[in-house]
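Novice: Here it is, the structure, as structure tokens.
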Amino acid sequence: MLEFFNIPHTFEKRIFDKNNVEKSVELPNILPTFEKFSVDIGVCPEVLNQWRKEYPKFSDTYKKCLALQKDMLNDLALRGYYNATYTAFAAKNLTDMCKESSTNSNNDIRDAYLKAMSELTNDKMGK
């Protein structure tokens with residue numbers, strides 16, 4: 001499972017531009033998810049949750065994979081590869097980030113984070 005989640009965040013691809021000049025571009029890898037992993041090993045995601053309850057070593061590895069997933073999401077979002085709105089949705093639903101809070105300070109932090117990601121995304125897209 002660690003091998004599935006511990007992948008490079010980006011990869012290089014050789015392409016030809018409109019003038020037929022070959023160049024290298026950096027592209028993001030697909031974010032690994034537990035849904036994809038479960039399908040790859042032939043089980044449904046609920047089985048992974050059951051294994052987490054039954055096997056402490058599996059639970060520990062699962063937590064490490066969550067950390068790898070969160071790191072990749074943060075890295076690629078901050079480098080502008082992901083749409084800010086989708087990133088906020090993914091961060092809230094896939095990680096422990098951006099949980100709703102009733103305190104203004106947490107909302108202010110979340111708003112600043114989303115604004116920064118939006119600006120980075122717009123810069124990356126040339127807007």
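Novice: In terms of modelled amide H atoms, which long-range or inter-chain residues lie less than 5 Å from the amide H of T10?
Specialist: HN-HN under 5 Å from T10: N29.
Novice: What accessible area per residue, rounded to a whole number of Å², is obtained for the stretch 38-85 using a probe radius of 1.4 Å?
Specialist: Accessible area per residue: 61 Å².
Novice: Exceeding 22 Å between C-alpha atoms, which entries from my cross-link table qualify? They are K36/K92; K70/K115; K36/K70; K63/K92; K13/K92.
Specialist: K13/K92
Novice: Here is a follow-up. Could you work out how far apart the two model spin labels at I109 and D40 are, taking each label as a point 7 Å from the Cα in the direction of the beta carbon, and quote it in nm?
Specialist: Here the modelled spin labels are 3.1 nm apart.
The values are calculated or read from the model by the stated rules, or taken from the named source; none is laboratory data. Values in this document were obtained by computation on a predicted structure and should not be read as measured data. Every residue, glycine among them, receives a Cβ derived from its backbone with ideal geometry; neighbour counts consider all protein chains shown. With ligands, DNA and RNA removed, areas are computed over all heavy atoms of the protein, side chains included. Shrake-Rupley method; radii C 1.70, N 1.55, O 1.52, S 1.80 Å.
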